[in-house]
Amino acid sequence: MISLSKIRREFQVGDEQVLALRDVDLTIKTGEYVSIMGPSGSGKSTLLNIIGLLDRPDKGSYLLEEEDMTDLDDRQQAELRRHKIGFVFQFFHLVPRMTAADNIELPMMLSGLEPKERKDRVHAALASFGLSNRANHRPDQLSGGQRQRVAIARATIMEPHILLADEPTGNLDRVSGQEVIDIIEALNQKNITLIMVTHDPELGRRAGRRINMLDGRIDSDG
Amino acid sequence: MKITDITKFAFRAATGYPTRTLLMLLAMAIGVGSVVLLSTLGDGARRYVIGQFSSLGTNLLIVLPGRSETVGGPPPLLGITPRDLTIADAMALHRSSAIRYVAPIAVGAAPVSRGGRTREVTILGSTPQLYQVRQLTMDKGRFLPEIDPSRGAPVCVLGHETKRELFGNDQAVGELIRIGDWRFRVIGVLSAKGESIGLDIADIVIVPVASAQSIFNTTSLFRIMVEAVNRDAIPRAKKHIARIIRERHDGDDDITIISQDAVLATFDKIFTALTLTVASIASISLAVAGILIMNVMLIAVSQRRSEVGLLKAVGAPAGQILLLFLAESAVLSAIGAVFGLILAAIATFILSRVFPDFPLATPLWSLWAGVGVAVVTGVLFGVMPARRAARLDPVQSLSRR
């Protein structure tokens, strides 16, 4: 359960104060499939970053599973990102020098899991995302769709409750984009809350709940 | 996060960008290499000098005319000149039970000729006991004969080099040579032992001490070399020498007695200080390498902004990112240090081939110091870039490709 109330986020751009989010109220239930759409600069990515604890609101309160997020320190937020939240980005953000398997292993390495368990989980993830024969390839040896699948495997390896996807198909062709959508929707079926920011209206319509943003406000929700 | 994972991650990050890593390793390697090599050279110089002194003989005391220490009391207004040491002084030392050998020394240079060849050579006047005191060895013939030290004899022993220059490959023992206006018969040739501090034993002619005094027209000695019966007897021998000479010199303490130990200890100190100084100077290059590490790590941080953003997104707190980047510069400097050690080993090997007589041995402390300073430098200069990485805003870092 995600509960935002009166969330405000301001940015300083040059001399100008830009209000990215104007007192946003939003509640998302566990297991929901939410798409966030809107023109550029409407605040959708900022909203996603605040939900993902990558950014802090200037005002307002954010409850994640009944716990107040706004006054947690960096270490506690990192801990929550590690265990409860998975990110999928438009540009994949794989570490270029690491193999697919190592990229997937990264969050488990950071949290200090035993190498044995890490290996098993990576193995399982590679198999379930159809990447078994790509385990030792570096990102530049993978296709766009494969890269995004590696990124999703990495985002879900710690079994998060929430998956945040920022334009996950924005950099993919139609076919691989569809594959990726199928994968993350399948994850949503397993009761992972899925929040997806997208420009693509067709993609946005697939979600059970569609949020439209305009000028830092929720324009429509339903 | 496990320490092995940190190391592995840092190592991979370090080797993931070969060009910058190689440049950085080169700088570190030169720094560490020069610290190790220069301390090796410094320590080699120390060993060389100590070795030279040791070859003077063991349990050695040197008696010099004149006093080099102040003993208090009124200043010498009357202009006391120290009495010369004489052969009789030297022979009187035999009275001490703490003394085994006494070798009076008279030194000068004189032209030595044989046939058409003339050479200016150091002439050393002494007694048969010089043989034991200086631990000489004979190549041919015998050393000076046991005769009354106050009387000369027209016999001489040649150093190895002198023999070669005067006689070439010819037989020397039994032949006559001319020293100044005097004729001497060669009775022996020293084996090639090399150099002893201040005196080239190879390029020398040894004659009975009284003969040397006649050649140089003097009655005084350059010094007296004394060997105590053993190491424990050295202080007793010193006391005896001082007392015997004082009795003979009307109660004046006008000699200086140097023990080999004291000389060795002094030289040891001087050369150790010198080695440390040189090593410290070399470590300046490590500081330069450290600044290079900082530079390269700063570039690495800005190149890898999105990686840092990602690490934060998958749950790395700022402290962990700081640790990862610090580990990376530590790993880089450690690898650089290892290369430096290899570099130093190669240079030492080459030097030992070029100068086989010079005792080159790398002191163990310099290895630890070189590597330790390198890693500490790497970490210190890595702090600033690592902090910068840890402070990066994840949203901004991830917004770029």
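The values are calculated or read from the model by the stated rules, or taken from the named source; none is laboratory data. The structure displayed is predicted, hence computed values, not measured ones. Cβ atoms come from the backbone with ideal geometry, glycine included; neighbour counts cover every protein chain shown.
Mind checking whether some residue in the range A:42-57 is of a type outside the set (Lys, Arg), away from chain B (no Cβ under 14 Å), over 22 Å from residue B:324 (Cβ atoms) and not in a helix (DSSP H, G or I)?
Step one: filter the range A:42-57 for residues of a type outside the set (Lys, Arg), giving A:42-43, A:45-55, A:57.
Then keep just the ones that are away from chain B (no Cβ under 14 Å); that gives A:42.
Now drop any that are not over 22 Å from residue B:324 (Cβ atoms), which leaves A:42.
With the extra rule that they be not in a helix (DSSP H, G or I), the set shrinks to A:42.
Yes; the residues of the range A:42-57 include at least one that is of a type outside the set (Lys, Arg), away from chain B (no Cβ under 14 Å), over 22 Å from residue B:324 (Cβ atoms) and not in a helix (DSSP H, G or I).
Under the condition of being buried (at least 22 other Cβ atoms within 10 Å of the Cβ) and of a type in the set (Val, Ile, Thr), which residue from the range B:1-35 is farthest from the other protein chains (Cβ to nearest Cβ)?
For the range B:1-35, the residue satisfying everything is B:35.
Mind listing whichever residues of the range A:120-141 are part of a helix (DSSP H, G or I) and within 13 Å of another protein chain (Cβ to nearest Cβ)?
A:139, A:140
For residue A:5, all conditions in the list (1) out of contact with any Asp or Glu (no Cβ under 6 Å at 6 or more places or on another chain); (2) part of a strand (DSSP E or B); (3) small (Gly, Ala, Ser) hold save one; what is the number of the exception?
Of everything listed in (1) out of contact with any Asp or Glu (no Cβ under 6 Å at 6 or more places or on another chain); (2) part of a strand (DSSP E or B); (3) small (Gly, Ala, Ser), residue A:5 misses just condition (1).
When you go through (1) in a loop (DSSP other than H, G, I, E, B); (2) in contact with a Pro (Cβ under 6 Å, 6 or more places away or on another chain) one by one for residue A:75, which number turns out not to apply?
(1)
Can you tell me which residue in the range A:65-102 is nearest to the chain's Cα centre (by Cα), limited to those that are of a type in the set (Phe, Trp, Tyr) and facing chain B (nearest Cβ under 8 Å)?
Looking at the filtered set, the residue picked out is A:87.
Output the residue which, of all residues in the range B:128-178 that are in contact (Cβ under 8 Å) with a residue 40 or more places away in the chain and in contact with a helix residue (DSSP H, G or I) (Cβ under 6 Å, 6 or more places away or on another chain), is surrounded by the fewest Cβ atoms within 10 Å (Cβ to Cβ).
The qualifying residue surrounded by the fewest Cβ atoms within 10 Å (Cβ to Cβ) is B:151.
Looking at this structure, is residue B:280 surrounded by 22 or more Cβ atoms within 10 Å (Cβ to Cβ), of a type in the set (Ser, Thr, Tyr) and under 26 Å from residue B:374 (Cα atoms)?
no
Hey, could you check the range B:118-138 for residues that are polar (S, T, N, Q) and outside any helix (DSSP H, G or I) and say which is nearest to residue B:176 (Cα to Cα)?
Taking the range B:118-138 as the starting set, the residues that turn out to be polar (S, T, N, Q) are B:118, B:122, B:126-127, B:129, B:132, B:135, B:137.
Filter once more, keeping what is outside any helix (DSSP H, G or I): B:118, B:122, B:126-127, B:129, B:135, B:137.
Details: B:118: 13, B:122: 18, B:126: 20, B:127: 20, B:129: 24, B:135: 26, B:137: 22 Å.
Step by step, filter the range B:118-138, then rank; the result is B:118.
Determine which single condition residue B:196 fails, assuming it passes every other condition in (1) in contact with a helix residue (DSSP H, G or I) (Cβ under 9 Å, 6 or more places away or on another chain); (2) at pLDDT 90 or above; (3) surrounded by 16 or more Cβ atoms within 10 Å (Cβ to Cβ).
All conditions pass for residue B:196, except number (2).
Please report, ordered by residue number, the helices (runs of 4 or more DSSP H) entirely within the range B:257-368 with at least 3 residues that are under 30 Å from residue B:236 (Cα atoms) and modelled with pLDDT under 90.
So the answer is B:260-303.
Could you check how many residues of the range B:308-326 are more than 18 Å from residue B:287 (Cα to Cα), away from chain A (no Cβ under 11 Å) and crowded, with 22+ Cβ neighbours inside 10 Å? Before you say what the answer is, go through the steps one by one.
Step one: filter the range B:308-326 for residues more than 18 Å from residue B:287 (Cα to Cα), giving B:308-325.
Right, trim to away from chain A (no Cβ under 11 Å) and you get B:322, B:325.
Restricting the remaining residues to those that are crowded, with 22+ Cβ neighbours inside 10 Å gives B:325.
Count: 1.
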